Each structure stands twice: as structure tokens, then as C-alpha cells.
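Data first, discussion second: the structure below is written as C-alpha cells.
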Amino acid sequence: MLGRYYRFQLTSVLSFAHRVTGVGLSLGSVLLVVWLLALASGPWAYEQFAKHLSAWYGQCLLLGWSWALLYHLCNGIRHLAWDLGYGFDLKTAYRSGYAVVVASLVLTAVAWALACLR
């Protein structure tokens, strides 16, 4: 019944996603600190931590964190354009919104493809 009266708007969904990815990046920063601590603690500690990062769940966390980083970056650039007074009309806001989603997905895929090549 809700869909009959209200339709989700891309701009509100992207705004919510920007906030959620910001929180995810904060949590991912804790993971980064733990990685640095394991690295500083010696080979045994790093090996134990690396086992988790190379497991399927660690790879999923890293994929999600890297997408969140790139989405937040792309959407932040979009917000910077808005701060400069560009892109406020509805058509441009939707186009830039779709561009942010596509760019974040493409950049994530490229980053992971490059990481897998090494």
C-alpha cells in the first residue's frame, strides 16, 4: 500500500547510502588499525590476522569496505559540485546520482581486478 502513495526517490536513497557508507568506513578503519597492530606485532600475529582476511568472509568485508570507500568518494565529489552551486536541478541530480553508483561499482571492479593481477 505504501508504494501506491510514496515512491522512493534516488536522491534520498543515495543520501542514506552516503551516511551508511560513512559509518562503514569508520568501522573499517578499526579493521585497518587491527591490521597495522598485527603487522607491528610480528610474523605470527600477522599470519593469524591474514588468515581471516584471505578467508571468504574477510574478502567480503574487504570488498564491501572498498566499495564503501569508492562510493563515498564519488558521492563526496558530487556534494562538492553541489557546494559550488552546480547540479541542483532534478534532471542533473538524477544523472549525477546514477553516475555515482556506476562509477563506484566500476572503480571497485577495476581496483579488485588490479589487486588480483599482482
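One table, with the values for the structure above:
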{"item": "Condition broken by Ser96, with the remaining ones in (1) touching a Lys or Arg at 6+ places or on another chain (Cβ under 8 Å); (2) modelled with pLDDT under 95; (3) assigned to a helix (DSSP H, G or I) satisfied", "result": "(2)"}
{"item": "Whichever residue in segment 87-118 is hydroxyl-bearing (Ser, Thr, Tyr) and under 14 Å from Ala68 (Cα atoms) and, among such residues, is surrounded by the fewest Cβ atoms within 10 Å (Cβ to Cβ)", "result": "Thr108"}
{"item": "Per-region count, segment 51-85, residues closer than 11 Å to His18 by Cβ and touching a His at 6+ places or on another chain (Cβ under 7 Å)", "result": "2"}
{"item": "First in segment 43-57 and without any contact (Cβ under 8 Å) to a residue 40 or more places away in the chain, second anywhere and in a helix (DSSP H, G or I), Cβ under 6 Å, 6 or more apart", "result": "Ala45/Ala38; Tyr46/Ala38; Tyr46/Leu39; Phe49/Ala38; His52/Gly58"}
{"item": "Pairs, first polar (S, T, N, Q) in segment 90-118, second surrounded by 11 or more Cβ atoms within 10 Å (Cβ to Cβ) and modelled with pLDDT under 95, C-beta under 7 Å, six or more apart", "result": "Ser96/Gly87"}
{"item": "Selection status of Trp35, in contact with a Leu (Cβ under 9 Å, 6 or more places away or on another chain) and within 30 Å of Thr92 (Cβ to Cβ)", "result": "no"}
{"item": "Top-ranked residue in segment 78-92 [being part of a helix (DSSP H, G or I) and of a type in the set (D, E, K, R); ranked as farthest from Ala111 (Cα to Cα)]", "result": "Lys91"}
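The values are calculated or read from the model by the stated rules, or taken from the named source; none is laboratory data. Everything quoted here is computed from the prediction, not taken from an experiment. Please note: Cβ atoms are built from the backbone with ideal geometry, for glycine as well, and neighbour counts cover all protein chains shown.
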